[in-house]
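Peer 1: Sending over a structure as structure tokens; questions will come in a sec.
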Amino acid sequence: MGRRITVHPVIEFQKGAQVTIFYEGKPLPAYDGDTVASALIANGIDVFRQSVNLHRPRGLFCAIGNCSSCLMIIDGVPNTRACITSVHEGMTVEQQLNKGMMP
Amino acid sequence: MTYDIIIVGGGIQGVATAYELAKRGAGKILLLEKTFLTGGSTGSCAAGIRAQFGSPFNVKLMARSLEIFENMAKELECDNDYLELWQGGYLVLAYSEAEFEGLKRNVEVQHTYGLKTNVLSVEEVKKAFPRVNVEGVYGATYHDRDGHADPFHVTFAYAEAGKRLGVEIREWTPVDTLLTENGKITGVRLQDGSSVYAERVLVCAGAWTTSLLKTVGIDLPLWGEKHEILITEPWERLLGPMVISFSRGYYIQQRPHGSFIMGIPPEDPRHWYRPDEFDFSSSIDFLLRMSSEATNVLPFLKGVNVVRQWAGLYEMTPDHHHAIGPLEDISGLWVAAGGSGHGFMFGPVMAEQLSKWMMGEPMDIDLRPLSPDRFKKGALVIEPAVVG
């Protein structure tokens, strides 16, 4: 968990209870209060999706829900923004490889 | 500097006509645009193209326009991906028996001109378009060659093709006044005070046309009307046709890019004749009415995020048809404006036929009934299949 900032000059982090999320089927530890993006980054995962035309890797960019760089399939729903979606126990998270397939 | 023809306005109408005129050897052509190409109504439009109209006149024109769109890549030396040509059809839904009867009458007209429009029962709509909510629907019509083309790229493709034929295009060059001498047009004065001269001037300035004609004392009953549109994030292809209702006013289409573009007319539109009245602000009222209609007819849209919304101007005339042709009062002055919400889709055919008219060649489709002087004579042209 070396990538998690624990001490910050301005913000005080309140680490919640540990939960398990499933990234591409693999269980990963996360904490209540994490966004999907923070949990993935803390677990060493930087690539969240592929760009739609050239299929290049894309990850966290604006981190405030504006830019669409971090769209993932979360709990089966494509085009969900990893940076502003909070984790919960048992959540499934998948990389998004296209513009999103509607069920 | 003297030109054969000055065209005022860099939307689809002006740019396509510049190309068509150059192709027919009209001489030195200068196109003036006050902002950038597509900076007015063309660039705010919903990108739909359809031949499903009701008047023989419009059906004939749009049948030809679709042919031009279908052959445009070759004609303008680009490709269909660039033009974002998508022919997923228009699905026109009827919400009453009377409306369905009206649509069927339109289809008869469309069949007369060789279009293969289908009349669909509610069951057939459900089967062919399972994502469409048919609640309250009495029937529909569907024409598979209707669809979408990108208004920006289509205009740019005409501009590039025109430039290859010698058309000169100046952007960021607003025209201030039309210039006349003894009842004849001589050119235009630009906002910077300089003048450019020409034998003929063609005004294709959309809703800005009225104020320009006013500078030479002509009153054209053409006004701007604010219409709003929104666009969503892109998804993989979910919906083939433009889904549209004339009675409820909505139209919704998925673009080749994957985003959904949609509009619904204002409830109580104001009529603006002067550019200083034009208002392009976005309203929450539109967003709410649009979302409610869209998620009703296409329930899957509840899971799709809106990216942005904007406003543009329909350039309306009293009978919702173009004002196109020469003005009787000033020799050498021509106008082509007033698409009334359909300016983009009619642009290619209007440009083709107008250029023939201006060159003294016989028109394949006689545009003379759309002469701008028809309003003072009360000779209006009626079209039943319009939104808003």
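Peer 1: If I ask for residues that are away from chain A (no Cβ under 13 Å), out of contact with any Asp or Glu (no Cβ under 9 Å at 6 or more places or on another chain) and at pLDDT 95 or above, which ones from region B:249-275 would you list?
Peer 2: B:Tyr251, B:Gln253, B:Ile261, B:Tyr273, B:Arg274, B:Pro275
Peer 1: Same structure again: Return the total of residues in region B:133-151 being in a loop (DSSP other than H, G, I, E, B) and small (Gly, Ala, Ser).
Peer 2: 2
Peer 1: In addition: I want to confirm something. Restricting to region B:214-245 and keeping residues that are in a strand (DSSP E or B) and of a type in the set (A, V, I, L, M, F, W, C), which single residue is nearest to the other protein chains (Cβ to nearest Cβ)?
Peer 2: Of everything passing the filter in region B:214-245, B:Ile231 is nearest to the other protein chains (Cβ to nearest Cβ).
Peer 1: Okay, moving on. Pick out, from region A:4-103, the strands (runs of 3 or more DSSP E) lying fully within it that include 1 or more residues that are farther than 30 Å from B:Pro130 by Cβ and more than 13 Å from every other protein chain (Cβ to nearest Cβ).
Peer 2: In region A:4-103, A:18-23, A:26-31 are the strands (runs of 3 or more DSSP E) which contain 1 or more residues that are farther than 30 Å from B:Pro130 by Cβ and more than 13 Å from every other protein chain (Cβ to nearest Cβ).
Peer 1: Let me ask you something else. In this structure, does B:Trp208 turn out to be surrounded by 22 or more Cβ atoms within 10 Å (Cβ to Cβ), of a type in the set (Phe, Trp, Tyr) and over 26 Å from B:Ala140 (Cα atoms)?
Peer 2: Values: surrounded by 22 or more Cβ atoms within 10 Å (Cβ to Cβ): yes; of a type in the set (Phe, Trp, Tyr): yes; over 26 Å from B:Ala140 (Cα atoms): yes.
Criteria met by B:Trp208.
Peer 1: Sticking with this one: Checking B:Lys302 against (1) in contact with an Asp or Glu (Cβ under 7 Å, 6 or more places away or on another chain); (2) closer than 25 Å to A:Gly100 by Cβ, only one condition comes out false. Which one?
Peer 2: (1)
Peer 1: Looking at B:Phe286, is it in contact (Cβ under 8 Å) with a residue 12 or more places away in the chain, in contact with an Asp or Glu (Cβ under 8 Å, 6 or more places away or on another chain), in a helix (DSSP H, G or I) and at negative phi?
Peer 2: Yes: the conditions hold for B:Phe286.
Peer 1: Next up: Name the residues in region B:276-304 that are surrounded by 11 or more Cβ atoms within 10 Å (Cβ to Cβ), within 14 Å of chain A (Cβ to nearest Cβ) and of a type outside the set (Phe, Trp, Tyr), would you?
Peer 2: Those that are surrounded by 11 or more Cβ atoms within 10 Å (Cβ to Cβ), within 14 Å of chain A (Cβ to nearest Cβ) and of a type outside the set (Phe, Trp, Tyr): B:Thr295, B:Leu298, B:Pro299, B:Leu301, B:Gly303, B:Val304.
Peer 1: Those residues that are more than 30 Å from B:Gly347 (Cβ to Cβ) and surrounded by fewer than 21 Cβ atoms within 10 Å (Cβ to Cβ), I need them from region B:138-152; list them, please.
Peer 2: Hit for region B:138-152 is B:Tyr138, nothing else.
Peer 1: While we're here: Which members of region B:130-172 meet the condition of being under 23 Å from the mean Cα position of the chain (by Cα) and β-branched (Val, Ile, Thr)?
Peer 2: B:Thr141, B:Val154, B:Thr155, B:Val167, B:Ile169
Peer 1: Can A:Gly33 be described as modelled with pLDDT under 95, within 24 Å of A:Ile73 (Cβ to Cβ) and not polar (S, T, N, Q)? Full working, then the answer.
Peer 2: Working: modelled with pLDDT under 95: yes; within 24 Å of A:Ile73 (Cβ to Cβ): yes; not polar (S, T, N, Q): yes.
Considered against the rule, which asks whether it is modelled with pLDDT under 95, within 24 Å of A:Ile73 (Cβ to Cβ) and not polar (S, T, N, Q), A:Gly33 comes out as yes.
The values are calculated or read from the model by the stated rules, or taken from the named source; none is laboratory data. In this text, all values refer to a predicted model and were calculated from it rather than measured experimentally. With ideal geometry, Cβ positions are generated from the backbone for all residues, glycine too; neighbour counts draw on all protein chains shown.
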